[in-house]
1. Any chance the stretch 213-230 includes a residue that's open to solvent by 50 Å² or more (accessible area, probe 1.4 Å), small (Gly, Ala, Ser) and either over 22 Å from the mean Cα position of the chain (by Cα) or at pLDDT below 95 (or both)?
2. Of all residues in the stretch 136-179, which are within 23 Å of Glu230 (Cα to Cα), open to solvent by 40 Å² or more (accessible area, probe 1.4 Å) and part of a loop (DSSP other than H, G, I, E, B)?
3. Can you run down the residue pairs with Cβ atoms below 7 Å, 6 or more apart or on separate chains, where the first is in the stretch 153-166 and farther than 11 Å from Leu214 by Cβ and the partner is open to solvent by 10 Å² or more (accessible area, probe 1.4 Å) and assigned to a helix (DSSP H, G or I)?
4. Only one of Phe244, Phe182 is in contact with an Asp or Glu (Cβ under 6 Å, 6 or more places away or on another chain) and either open to solvent by 70 Å² or more (accessible area, probe 1.4 Å) or under 30 Å from Thr301 (Cα atoms) (or both). Can you tell me which?
5. If we scan the stretch 119-131, do we find a residue that is under 21 Å from Lys44 (Cα atoms) and hydrophobic (A, V, I, L, M, F, W, C)?
6. For the list (1) buried (at least 17 other Cβ atoms within 10 Å of the Cβ); (2) closer than 16 Å to Val125 by Cβ, I need the number of the one condition that Ser254 fails.
7. So which residues in the stretch 319-347 are assigned to a helix (DSSP H, G or I), within 30 Å of Val364 (Cβ to Cβ) and of a type outside the set (Gly, Ala, Ser), if there are any at all?
8. Answer yes or no: is there a residue in the stretch 173-185 that is within 30 Å of Phe14 (Cβ to Cβ), in contact with a Gly (Cβ under 6 Å, 6 or more places away or on another chain) and not acidic (Asp, Glu).
Amino acid sequence: MSKFASGQTLIQAFEAWSPKSLAIGDDRNKIGLQLGTLNKPVKKVMVTLDVLENVVDEAIAQGVDLIIAHHPMMFHPVKRIDTDTARGRMIEKCLRQGIAVYAAHTNLDVAVGGVNDRLAEVLGVEDTEIFIPTQERKLVKFAVYVPESHAEAVRQALGDVGAGHIGRYSHCSFNSRGTGMFLPGEGTNPHIGTKGKWERVEEVKIETILPEELTNQAIAAMKRVHPYEEVAYDLYALQNEGDFAGVGRIGELSEPMPLHQFATHVKTRLQVRGVRFVGQADAIVKKVAVLGGDGNKFMSTAKRKGADVYVTGDVYFHTAHEAWMDGLNVVDPGHYAEKVMKEEVSRRLNAFVAAQGYDTEVFVSKTNTDPFHFV
């Protein structure tokens, strides 16, 4: 018999990686479930950059139950649903077919492994740092006591939801052994021991750290694999400096290259139909700042941080003039370059459903939602 993950289960797994708390400013009101329900089994998930009518038609043809998008379907408040319009028809089609629509916007831009990390990786930008910090993530110490037989499963579960991530290392923990003692009372059903008799068990104390916003996910993940009816665990607020989250990445190419060659490199690697660039074609570039989407307001930051070239989309004419006069090289591959998120979201969700033994299928939309043509 097939076993399908619920929409809630899939989104909880997704948000363990790209939590809503990472979203920037008012964008927090525009993300999450936008249409339909997550309280249902999901046979098929389609990942897309945008939700347009042709994307919805593709989802219907493929029997999709859930669409996960980067750009919100309803970015601005919807005051009326007129089914004579493309937007109205799109909403009607989703509701009639029972297709839920979920959006992860700036939280996916910020997330480690999200849009900007993928752009940097695809372009070969190495040793990256956050380009624009947006928040410091408060840290929590998580300690849990578990019998040795289940310690590895608990460590793995905690690491998989983001606990123990320190710099470029993941699944970090400290482990100490000791003896756990307990007396099962009436009405209990102990995994180890007998009601009314003292029990001593060789246990491992697993200590790790995690961002505060992942606390609930970590507790839930730990309890799913912990054998005890009642689990003993501790949470401590820390004064350690937390991780910084932010948009964009800045790093270096392994080998410098002329700007015109780098522009071609961007076009080829991002598989876009054209790029624009600002600067002298023979200028040598090595340090690269990358920011998916519209990064116009951060031109001066790229210059201040010593970037030889700034890769971002939707560059305005007068902003390009300012960059040119300031001696900052710019490559604009367009907003559609953010499509790199589709494969990564699909990969992570497929890994989750496979690990959990679900038969849910996750795939990327094949519909091209780039509104521009080149001649």
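The values are calculated or read from the model by the stated rules, or taken from the named source; none is laboratory data. Just so you know, these numbers come straight off a predicted model, no measurement behind them. For neighbour counting, all protein chains shown are included, and Cβ atoms are generated from backbone atoms with ideal geometry for every residue, glycine included. Each accessible area value is taken on the protein alone, full model and side chains, heavy atoms only, with ligands, DNA and RNA left out. Shrake-Rupley method; radii C 1.70, N 1.55, O 1.52, S 1.80 Å.
1. No - not one qualifying residue is present in the stretch 213-230.
2. Ser173
3. Note: pairs meeting the criteria are Ala153/Val225; Val154/Val225; Ala157/Arg224; Ala157/Val225.
4. The unique qualifying residue is Phe244.
5. To start, the set of residues in the stretch 119-131 that are under 21 Å from Lys44 (Cα atoms) comprises none.
So far as the stretch 119-131 goes, no, none of its residues is under 21 Å from Lys44 (Cα atoms) and hydrophobic (A, V, I, L, M, F, W, C).
6. Result: Ser254 passes all but (1).
7. His335, Tyr336, Glu338, Lys339, Val340, Met341, Lys342, Glu343, Glu344, Val345, Arg347, listed by residue number.
8. Checked against the condition, which is being within 30 Å of Phe14 (Cβ to Cβ), in contact with a Gly (Cβ under 6 Å, 6 or more places away or on another chain) and not acidic (Asp, Glu), the stretch 173-185 yields at least one hit.
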